[in-house]
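Chemist: Here's a structure for you.
The values are calculated or read from the model by the stated rules, or taken from the named source; none is laboratory data. This structure is a prediction, so every number in the text was calculated from the model and none was measured. Cβ placement follows ideal geometry from the backbone for every residue including glycine, while neighbour counts extend to all protein chains displayed.
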Amino acid sequence: MHKIVVAGLDGCLGSAFLGLTDLLTLARRAIGGALPPSDQDSGGGDADFCVVTASATGRPVRDGAGATFEVETSFEEVTTCDAVIVPSFAPDPNGKPPDMSAHAAAAAWLRRHHSRGALIGGCGSGVFLLGEAGLLEGRRCTTSRWHHEELKQRYPRADTAWGARLIDDRRVVTAAGPLSWIDVALHVIRTLCGPDAGRIAADFTLGESAPAKGGIRGAAYNVSVLGDSSDSFLSEAERIVRQSDAAFNAQDLARALSTSERTLHRRLKQACGESPKTFIDRIRVETARMLLETSVKPVKELAASAGFIDEASFRRAFRRFTDMAPSAYRVWAKSKSQDKAQMFSVRKDSEIIPEILTTILDTCVNGVTLTDPDLEDAPIVYANKRFEDITGYSVAEIIGRNCRFLQGQDRDQEGLRRLREAISNRQAIEVTLRNYRKDGALFHNKLNITPLFDAQGQLIYFLGVQYDVTDQIRAETEIGDLKAKLHSLA
Ligand SMILES: Cc1cc2nc3c(=O)[nH]c(=O)nc-3n(C[C@H](O)[C@H](O)[C@H](O)COP(=O)(O)O)c2cc1C
């Protein structure tokens, strides 16, 4: 049986300490109930584990808000274990993680267990204790974005990734955000107990946090129906809607079911509590949801395939049933299918390639950006070092924004019209724009944009190469002015 220790440290976030204990205990029960003993090894691990809470002295832990929590034992009494999880800390008065030198004994204890083969996890600012233990040296790691610089400063030998959600580098697991204890706990379960146990724990824990409502949830790719699926009237209605085109409405549905509109209304209300129109919309949204999960079709095309008359009505209906924009749903579904807890794990396989490419791109003399046209307002998802230098903004300030922020108020530019047209036609283009650095200084940006397509011809990203041509433009302007003067003299 595996032993997972939740480390109780004075000054921690009480919610993280208690949450970890609750999640692990409940997940253990869920896995035990779902996996019969004979199946427990099928995922490649022993699905049984116990949870132990420990503090430096074995006395209750006092969290950052002054509340105290009992623990079962002291660190010294835990001589063997398979994983230790360190919860986040409450920030100090300056909003920073507290000074870790107060936890030197805990750090030494962590180091010892890691050297004996245990998995050590740090959640949010809890990652700083792993730094104090020397476990981040030469390791790829992450923490909450707002602590990124602080982590780099305090532990300069850590290989700190910006913006990664969870990283597991040689049994040191680090995660970003005050609620990352959920990610870390699930990752630990998965690593120790195998993928089946990990999946059960994740479904059990995160089931209620799925973004959709109104019956849209369900196993991936399995289109769900509200009410009784053995109701043949409902099944038939659903089949008809799935095969219908955009012009199909409630009247057509009643006709196809050989019934009156009134009866259709009554029966649907009885079976699933929906009006015919809502029923039709929901089935179409479910189809769209499946397409978003399984294809890379652009939203417009996908709306038509799902039976919507146009993109706008699709977006409205999708939001009504899922509370999300289609592009956001696609990103969410992708992350779920990749198994959230594994998303940013560092492996020596293909995942190392983006890192190597990043290193290469950072040495480029031009700015390089990638924007994602599938996300709302096509934000920048990657920017290299040179782009930071040219613009004066840090990567943290750049990622997630549309590049137009560089134009400031200077939006009346000839090049923009051509640029918009090329982007909407998915064509390459080169334009020179007036842009403004963070300090407000004007620079002339020769921008080269190339659409990047996948093997199926679907647009996946736009690549932007930014070249600062300010000196060149200034020289040209001076020459122009000089020529004009000479001309007037002549
Ligand atoms: C890959 C890529 C990189 C871009 N880089 C810049 C840039 O460096 N500076 C800039 O002013 N606009 C840049 N843009 C253009 C803007 O993002 C936007 O497309 C442009 O302002 C026209 O759209 P709008 O009218 O919605 O602003 C870039 C666009 C793409 C696709």
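Chemist: I'm trying to understand the selection: among the residues of the stretch 144-166, which are in contact (Cβ under 8 Å) with a residue 60 or more places away in the chain and within 21 Å of residue 13 (Cα to Cα)?
Modeler: Answer for the stretch 144-166, where residues must be in contact (Cβ under 8 Å) with a residue 60 or more places away in the chain and within 21 Å of residue 13 (Cα to Cα): 145, 148, 165, 166.
For (1) under 25 Å from the mean Cα position of the chain (by Cα); (2) surrounded by fewer than 23 Cβ atoms within 10 Å (Cβ to Cβ); (3) at pLDDT 95 or above, each residue gets a yes or a no:
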{"site": "72", "(1), (2), (3)": "no, yes, yes"}
{"site": "75", "(1), (2), (3)": "no, no, yes"}
{"site": "87", "(1), (2), (3)": "yes, no, yes"}
{"site": "91", "(1), (2), (3)": "yes, yes, no"}
{"site": "101", "(1), (2), (3)": "no, yes, no"}
{"site": "116", "(1), (2), (3)": "no, yes, no"}
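Chemist: Could I ask something else about it? How many residues, within the stretch 268-287, are touching a Phe, Trp or Tyr at 6+ places or on another chain (Cβ under 6 Å) and without any contact (Cβ under 8 Å) to a residue 40 or more places away in the chain?
Modeler: Within the stretch 268-287, residues that are touching a Phe, Trp or Tyr at 6+ places or on another chain (Cβ under 6 Å) and without any contact (Cβ under 8 Å) to a residue 40 or more places away in the chain number 1.
Chemist: Answer yes or no as to whether residue 124 is farther than 30 Å from residue 1 by Cα and either buried (at least 21 other Cβ atoms within 10 Å of the Cβ) or touching a residue at least 40 places away in the same chain (Cβ under 8 Å) (or both).
Modeler: no
Rundown of residues vs (1) outside the structural domain of residue 286 (by TED's automatic domain parsing); (2) at pLDDT 75 or above, yes/no style:
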site: 195; (1), (2): yes, yes
site: 215; (1), (2): yes, no
site: 220; (1), (2): yes, no
site: 223; (1), (2): yes, no
site: 239; (1), (2): no, yes
site: 242; (1), (2): no, yes
site: 250; (1), (2): no, yes
site: 254; (1), (2): no, yes
site: 257; (1), (2): no, yes
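Chemist: Now for a different question. Can you say whether residue 345 is more than 10 Å from the ligand (Cβ to nearest atom) and modelled with pLDDT of 75 or more, as far as the supplied structure shows?
Modeler: Here the answer is no, as residue 345 does not meet what is asked.
Chemist: List every residue pair whose Cβ atoms sit under 7 Å apart, with the two residues 6 or more apart in sequence or on different chains, where the first one lies in the stretch 296-323 and is without any contact (Cβ under 8 Å) to a residue 12 or more places away in the chain and under 16 Å from residue 375 (Cα atoms) and the second, anywhere, is hydrophobic (A, V, I, L, M, F, W, C) and not in a helix (DSSP H, G or I).
Modeler: 319/325
Chemist: Among the numbered criteria (1) more than 30 Å from the chain's Cα centre (by Cα); (2) surrounded by 13 or more Cβ atoms within 10 Å (Cβ to Cβ), which single criterion is violated by residue 487?
Modeler: (2)
Chemist: Right, something else. Taking the criterion of being over 20 Å from residue 193 (Cβ atoms), at pLDDT 75 or above and surrounded by fewer than 23 Cβ atoms within 10 Å (Cβ to Cβ), would at least one residue in the stretch 27-41 satisfy it?
Modeler: No, the stretch 27-41 contains no residue that is over 20 Å from residue 193 (Cβ atoms), at pLDDT 75 or above and surrounded by fewer than 23 Cβ atoms within 10 Å (Cβ to Cβ).
Chemist: Sticking with this one: Taking residue 468 as the residue in question, decide whether it is surrounded by 15 or more Cβ atoms within 10 Å (Cβ to Cβ), touching a Phe, Trp or Tyr at 6+ places or on another chain (Cβ under 7 Å) and in contact (Cβ under 8 Å) with a residue 40 or more places away in the chain.
Modeler: It is true that residue 468 is surrounded by 15 or more Cβ atoms within 10 Å (Cβ to Cβ), touching a Phe, Trp or Tyr at 6+ places or on another chain (Cβ under 7 Å) and in contact (Cβ under 8 Å) with a residue 40 or more places away in the chain.
Chemist: Do you know which residues across the stretch 406-425 are under 31 Å from the mean Cα position of the chain (by Cα), more than 8 Å from the ligand (Cβ to nearest atom) and surrounded by 13 or more Cβ atoms within 10 Å (Cβ to Cβ)?
Modeler: Listed by number, the residues that qualify are 408, 422.
Chemist: In the stretch 382-398, what count of residues is obtained for those that are among the β-branched types (Val, Ile, Thr), modelled with pLDDT of 85 or more and more than 9 Å from the ligand (Cβ to nearest atom)?
Modeler: Result for the stretch 382-398: 1.
Chemist: Residue 309 versus (1) exposed (fewer than 14 other Cβ atoms within 10 Å of the Cβ); (2) closer than 22 Å to residue 165 by Cβ; (3) β-branched (Val, Ile, Thr); (4) at pLDDT 75 or above: which is the lone unmet condition?
Modeler: Just one mismatch for residue 309, condition (2).
Chemist: Ok, one more. Condition first: farther than 21 Å from residue 365 by Cα, more than 8 Å from the ligand (Cβ to nearest atom) and modelled with pLDDT under 95. Can you find one or more residues in the stretch 462-475 that meet it?
Modeler: No, the conditions are met nowhere in the stretch 462-475.
Chemist: Given the structure, is residue 457 in the same structural domain as residue 381 (by TED's automatic domain parsing), under 29 Å from the mean Cα position of the chain (by Cα) and near the ligand (Cβ under 10 Å from one of its atoms)?
Modeler: no
Chemist: If you go through the stretch 71-121, how many residues are among the basic types (Lys, Arg), more than 19 Å from residue 193 (Cα to Cα) and in contact (Cβ under 8 Å) with a residue 24 or more places away in the chain?
Modeler: 2
Chemist: Just checking, how many residues over the stretch 127-143 are in contact (Cβ under 8 Å) with a residue 40 or more places away in the chain and surrounded by fewer than 24 Cβ atoms within 10 Å (Cβ to Cβ)?
Modeler: 1
Chemist: Return the residue satisfying two criteria in turn: it lies in the stretch 360-381 and is of a type in the set (Asp, Glu) and on the phi < 0 side of the Ramachandran plot, and of such residues it is nearest to the ligand (Cβ to nearest atom).
Modeler: Per the criteria, the residue is 372.
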